[in-house]
Each structure stands twice: as structure tokens, then as C-alpha cells.
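Worksheet for the structure shown next.
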Amino acid sequence: MFRTMDKKWQERWEKARIFESDPDNREKFFVNLPYPYMNGYLHLGRAFTFLRGDIISRYKRMKGFNALYPFAFHCTGTPIVAAAERISEGEETQINNLKKMGIPDGEIENFKDPVYWTKHFSEEMTEHLKATGFGIDWRRSFITTSLNPYYNKFIEWQFRKLKEKGLIAIGKHPVIWCPKCKNPVGDHARLEGEGETPQEFTLLKFEFGDSYIIAATLRPETVFGQTNLWVDPEIEYVKTKVDNEIWIMSKECS
């Protein structure tokens, strides 16, 4: 009964186009939320986030505002590409993940193509959000990636403006590195190791002739009580020039 009632009013809303926002003389109100990543279906956590935007946009609309609630699908980055590659390689874990989502065996072959991921999950999520009754202006939905050159140019424009204002700079910081992909990767692009972050050590320099032996510790406050410096005979050590100094350290750390 409730689903029938839902459908009745959703059809009325769609026919009346009450969620479509066009420029007029009313005060504007714009709702925007983080785009969901398109490597899976809608889940309750996402729905809870989107519901907040839906509630406030409906409230503002009832208060006489010209409320706009658009929607977008995040498809850029390595996770989708990495998942598609794992399907191409026949990796059981990734294949089973799709099966657990309810993807039929005959359709899994399609997921070798990263573009198919973006198309399939964005279309499915659109239908699920509509069925849930979200008040979104679907004329203003889009995906990210190079498949959408307009959005790509918008992001490029943003970065140029931020650089002009001196708000961004090129620098260095620790990252999780994938030796296979040859680039930094986040949690979504890794099969295991979720939540891992770069570990920060404090380096200690001990004079050794014209060089320094470099030791690393996670507890620099305990240095005052230490009496020994241990060297692992099974590790290869090298001399590395750092600025104007010569450091002796393991080859792995150099």
C-alpha cells in the first residue's frame, strides 16, 4: 500500500515539475553534497547524507525560495579503473564482490570496461533515488571524468583561479604508493590495507667521521634514556647526499 502511495505522489511531483529550478525573481537557495563514488549501489549511509539536502531544500522551497538541488556522480580516479582491471585479470575477490551486489554472471564480463561501471551504477542510483522520492532536479545531473569535458574544464578553471590567488602550491608529502599502478592510491583502490596511512618517524643524526648515521624512531621523547645504536648486519647500507651532508642509512630508506 505504501509503495503504491509513494508512486502516486512521485508521479504527481514529476508531472508538476516541482523540483525543477529555473531562474526567476525569487531568492535563490542552492543545495550541494559530496558526489557518491560510482563503484557500487546506493546504501543507507549515502541515502542518509542525501536526505539532509532533500529536507532542507524542501523546507526552503516551502518558504518561497527558488531551491535548486542538483546531483552528480563521482567517477574519476583510480578505484574504478583498478576494479575493471581486476575483472579483466579474472581476480576472484573482485568478481565475487560484484556477485554479492547481485550482478548476474552473464553481465560481469561488461565490467572489464571502466566506462560501463560509471554508466551502470549511475543509472541504477538515479532510479533508486527517484523511487525513494528525493526532490532532485534531474536535468542538472552529470558524471565527472573526461567523459564530461564541461566539468573537466570547470575543475581546470578552479585550479587556475586558486593558483592565481596563491592558495595552492606544489610540494611533497608522504603517500601510499602502488608499485603496479605507479601512482598514489587511496583506500578504494586497494584490496587490503584499508585505513593505512604513511607513518611519520623522527630522524636522529649521529656524527660518524664526515658523515652522519641516521636512525629513526617513533618515540623521540625516549632518546635521552637510550644507550645503544644497533646496526642490522643483514641490511645493505648506503651513503646518500642530503643537502650538504652525507647520510648513512639503509638502501630501502634512501
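Which condition does Phe224 not pass, out of (1) surrounded by fewer than 10 Cβ atoms within 10 Å (Cβ to Cβ); (2) more than 28 Å from Ile176 (Cβ to Cβ); (3) touching an Asp or Glu at 6+ places or on another chain (Cβ under 9 Å); (4) of a type in the set (A, V, I, L, M, F, W, C), if it passes all the others?
Answer for Phe224: the failing condition is (3).
Could you list all residues from segment 37-50 that are outside any loop (DSSP other than H, G, I, E, B) and touching a residue at least 12 places away in the same chain (Cβ under 8 Å)?
Tyr37, Ala47, Thr49, Phe50
Which one is modelled with the lowest pLDDT among residues in segment 211-254 that are among the small types (Gly, Ala, Ser) and touching a Lys or Arg at 6+ places or on another chain (Cβ under 9 Å)? Walk me through how you get there before you give the answer.
Here is the first cut: in segment 211-254, the ones among the small types (Gly, Ala, Ser) are 211, 215-216, 225, 250, 254.
Subsequent filtering for residues that are touching a Lys or Arg at 6+ places or on another chain (Cβ under 9 Å) retains 211, 215, 254.
On the way: Ser211: 92, Ala215: 87, Ser254: 71.
Within segment 211-254, the match that is modelled with the lowest pLDDT is Ser254.
Residues checked against (1) under 32 Å from the mean Cα position of the chain (by Cα); (2) surrounded by 12 or more Cβ atoms within 10 Å (Cβ to Cβ); (3) closer than 30 Å to Lys100 by Cα; (4) not β-branched (Val, Ile, Thr):
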residue: Lys7; (1), (2), (3), (4): no, yes, yes, yes
residue: Asp24; (1), (2), (3), (4): no, no, no, yes
residue: Lys28; (1), (2), (3), (4): yes, yes, no, yes
residue: Pro36; (1), (2), (3), (4): yes, yes, yes, yes
residue: Leu42; (1), (2), (3), (4): yes, yes, yes, yes
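From Lys153, Lys112, Lys100, Lys119, grab the single residue that is without any contact (Cβ under 8 Å) to a residue 12 or more places away in the chain and surrounded by 14 or more Cβ atoms within 10 Å (Cβ to Cβ). Steps first, answer last, please.
On the way: Lys153 fails: surrounded by 14 or more Cβ atoms within 10 Å (Cβ to Cβ); Lys112 fails: without any contact (Cβ under 8 Å) to a residue 12 or more places away in the chain; Lys100 fails: surrounded by 14 or more Cβ atoms within 10 Å (Cβ to Cβ).
Selected residue: Lys119, the only one of Lys153, Lys112, Lys100, Lys119 that is without any contact (Cβ under 8 Å) to a residue 12 or more places away in the chain and surrounded by 14 or more Cβ atoms within 10 Å (Cβ to Cβ).
Kindly establish whether Lys163 is exposed (fewer than 11 other Cβ atoms within 10 Å of the Cβ) and either at pLDDT 80 or above or in a loop (DSSP other than H, G, I, E, B) (or both). If you could, list the steps in order and put the result at the bottom.
On the way: exposed (fewer than 11 other Cβ atoms within 10 Å of the Cβ): no; either at pLDDT 80 or above or in a loop (DSSP other than H, G, I, E, B) (or both): yes.
Considered against the rule, which asks whether it is exposed (fewer than 11 other Cβ atoms within 10 Å of the Cβ) and either at pLDDT 80 or above or in a loop (DSSP other than H, G, I, E, B) (or both), Lys163 comes out as no.
Would you check which residues across segment 51-69 are over 24 Å from Glu127 (Cβ atoms) and assigned to a strand (DSSP E or B) and list them? Explain how you work it out, then say what you get.
Of segment 51-69, the ones over 24 Å from Glu127 (Cβ atoms) are 59-60, 62-66.
Within segment 51-69, Asn66 is the sole residue that qualifies.
Return a yes/no flag: does segment 28-36 have any residue that is modelled with pLDDT of 90 or more, in a helix (DSSP H, G or I) and of a type outside the set (Ser, Thr, Tyr). Quick ask: steps written out before the conclusion?
The initial filter retains those residues of segment 28-36 that are modelled with pLDDT of 90 or more, namely 28-36.
Now restrict to residues that are in a helix (DSSP H, G or I): none.
No - not one qualifying residue is present in segment 28-36.
Restricting to segment 1-53, count the residues that are aliphatic (A, V, I, L, M) and touching a strand residue (DSSP E or B) at 6+ places or on another chain (Cβ under 9 Å). Talk me through it step by step, then tell me what you get.
From segment 1-53, those aliphatic (A, V, I, L, M) are 1, 5, 16, 18, 31, 33, 38, 42, 44, 47, 51; that's our starting set.
Remaining after also requiring touching a strand residue (DSSP E or B) at 6+ places or on another chain (Cβ under 9 Å): 31, 33, 38.
Residues that pass the stated criteria total 3.
Looking only at residues in segment 68-97 that are of a type in the set (Gly, Ala, Ser) and buried (at least 17 other Cβ atoms within 10 Å of the Cβ), which one is modelled with the lowest pLDDT?
Taking segment 68-97 first, the residues of a type in the set (Gly, Ala, Ser) are 72, 77, 82-84, 88, 90.
Pick out the ones that are also buried (at least 17 other Cβ atoms within 10 Å of the Cβ) and you get 72, 82-84.
Numbers: Ala72: 95, Ala82: 87, Ala83: 90, Ala84: 94.
Filtering first and then ranking leaves Ala82.
Please enumerate the residues belonging to segment 119-155 that are among the aromatic types (Phe, Trp, Tyr), part of a helix (DSSP H, G or I) and under 24 Å from Arg3 (Cβ atoms). Give the steps one after another, and end with the answer.
Restricting attention to segment 119-155, the residues satisfying the condition of being among the aromatic types (Phe, Trp, Tyr) are 121, 134, 138, 142, 150-151, 154.
The next check asks that each one be part of a helix (DSSP H, G or I); those that pass are 121, 138, 150-151, 154.
Those that are among the aromatic types (Phe, Trp, Tyr), part of a helix (DSSP H, G or I) and under 24 Å from Arg3 (Cβ atoms): Phe121, Trp138.
Out of segment 44-55, which residues are closer than 16 Å to Ile18 by Cβ and exposed (fewer than 15 other Cβ atoms within 10 Å of the Cβ)?
Selection gives Ile55 alone.
The values are calculated or read from the model by the stated rules, or taken from the named source; none is laboratory data. Source: prediction; values computed, not measured. Note that each Cβ is placed from the backbone with ideal geometry, even for glycine, and that neighbours are counted across all protein chains shown.
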